[in-house]
Structure formats: structure tokens, C-alpha cells
Amino acid sequence: METLCGLFGVSRQAWYEKQKRSQKADLTGAMVLAEVRRLRLDLPSVGAEILHHQMTDFRQQHGIKLGRDKFTKLLRDNGLLIRKRTRRARTTWSDHPFRKYPNLVKGKKVDAPNQQWVSDISAP
């Protein structure tokens, strides 16, 4: 092991510390993901920032230091982020209770300029 570490310019102690840190990170990640899955049973559509805030006590109890951005990356890597719903502007409301006037232009053939004039008063 000493020869391999020497080839890469790393001390044995640094290599073992790196192994220990990665195992600890894997364990804490698994604990956080299990807690997220448990919380999502009650609140399936809650986002990452709110989850991060709700897990403050859990993280403090277990001594886990995990910032919001790293937490979001952990959720993204494990497919636990909630997709944002795209909202579309509603431009036409045809079910209103007011009188609906018939389309007098529909079906007429226009052969020359100034035969039909159309306007729209629904602008904001």
C-alpha cells in the first residue's frame, strides 16, 4: 500500500482518511435519503428547500452537516426532486356568463380590400 500511495504522491494516512470520509459520507447520505423518503410519505410534493428546513432537527440529532445546495444535489442524484409544474396563462375564457355574439365573418369570402373590418375590444 505504501508503494501505491507513493506513486500517486499521497501518504498512507491521507488515503485511509479519504476512505473513512467517503464511507461516512455514504452513510450520512443514506440516512438523509431514508428520512426524505419517510417525510415524502406525508408530504409527497414538498420541495427540496422546505425538506431541508424540516430536517433541521434530524440533522442536528445525528450530527450531519449538509447545506441546502449539497442536499439538493443529493436528491437530484437519487431522483427525488419534485418537478416544477409549468403554469400557462389562460388567455380565453369561453364559459363566461355574458352574452356571446356570433361570428359574422366566418364562411364569407373576401375578394377585395375593405370588404370586411374586424376589431377586438378584449385587450387589457
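The values are calculated or read from the model by the stated rules, or taken from the named source; none is laboratory data. From a predicted model like this one, the values you see are computed outputs, not experimental measurements. Please note: Cβ atoms are built from the backbone with ideal geometry, for glycine as well, and neighbour counts cover all protein chains shown. All accessible areas refer to the heavy atoms of the entire protein, side chains included, with ligands and DNA or RNA removed. Shrake-Rupley method; radii C 1.70, N 1.55, O 1.52, S 1.80 Å.
Here is a list of conditions, (1) β-branched (Val, Ile, Thr); (2) open to solvent by 70 Å² or more (accessible area, probe 1.4 Å); (3) within 30 Å of Arg21 (Cα to Cα), and Val118 meets all of them except one; can you say which number that is?
(3)
Helices (runs of 4 or more DSSP H) wholly in the range 11-105 with at least 2 residues that are exposed (fewer than 10 other Cβ atoms within 10 Å of the Cβ) and of a type outside the set (Lys, Arg) - which ones?
12-42, 56-62
Filter the range 46-78 down to residues that are small (Gly, Ala, Ser) and under 20 Å from the mean Cα position of the chain (by Cα) and give me whichever is farthest from Val32 (Cα to Cα).
Gly47
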